[in-house]
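A.B. asks: Handing you this structure, nothing more for now.
Read-outs: derived from the displayed coordinates by stated rules, not from any lab. What you see is a predicted model; the values in this text were computed from it and never measured. Cβ coordinates were reconstructed from backbone atoms using ideal geometry, including for glycine residues, and neighbour counts include every protein chain displayed.
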């Protein structure tokens, strides 16, 4: 009889209970399906440092696993602990700019170990000053040509009015617009200094 009682208990406890049509309890909603576990790849920094990438890794948003070269370059020059310290000191809104700056500075330091970024800045400043000098010279030549054109138009206009070609020699022509190279440099010097 004990076996029958156990079987009765087992069958009653293991059988699913369906609500009877007379019962007033609402049916329970089906439990949501468990979300699939997503395995995220560790950030490039944690991969290179061979450590476990934690959920709130400071480096993960700025060194994605698809761009390991960024961290490699910055790590070679600044070191991982210095990168982490500097990022923790900054507000999150400035961290992306800081990382891109560190990567750029590190890459220029690797290319030019002596001057680094300063060498690139100096070279660009030199280019700017050369281009400003060329621009000033071109502007001075433009002014000279405009003066020459105005003088030629004045001469042509006088010739058509007088209809005497011999009068040109007796008239005085304004030659102040015809600048020689020495006056040209001093006239336009303030433009590129």
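A.B. asks: Note down the nm distance, to one decimal, between modelled labels 7 Å out along Cα→Cβ at residue 122 and at residue 97.
C.D. replies: About 2.7 nm separates the two model spin labels.
A.B. asks: I've got another one for you. If I take R0 = 30 Å and measure r between the Cβ atoms of residue 130 and residue 52 in this structure, what FRET efficiency does the formula 1/(1 + (r/R0)^6) give, to the nearest 0.05?
C.D. replies: Plugging the Cβ-Cβ distance into 1/(1 + (r/R0)^6) gives 0.05.
A.B. asks: If I model a spin label as a point 7 Å beyond the Cα along the Cα-Cβ vector, how far apart are those points for residue 163 and residue 142 in nm?
C.D. replies: The modelled label-to-label distance comes out at 4.0 nm.
A.B. asks: For the pair residue 88/residue 66, report the inter-label distance in nm, with labels modelled 7 Å from Cα in the Cβ direction.
C.D. replies: About 3.0 nm separates the two model spin labels.
A.B. asks: Now for a different question. Taking the Cα atoms of the range 44-111 alone, what are Rg (to one decimal) and Dmax (as a whole number) in Å?
C.D. replies: Every Cα atom of the range 44-111 included, Rg and Dmax give 11.1, 35 Å.
A.B. asks: Going by C-beta contacts inside 10 Å, put 158, 105 in order with the fewest on the left.
C.D. replies: 158, 105
A.B. asks: Then there's this: On the first, second and third principal axes, largest extent first, how far apart are the outermost C-alpha atoms of the range 99-142 in Å?
C.D. replies: So the extents along the principal axes, rounded to whole Å, are 46, 21, 10.
A.B. asks: Does a label point 7 Å from the Cα of residue 111, set along Cα-to-beta-carbon, have any residues of the range 56-81 with amide nitrogen under 15 Å, and which are they?
C.D. replies: Residues 73-74 qualify, since their backbone N sits under 15 Å from the label point.
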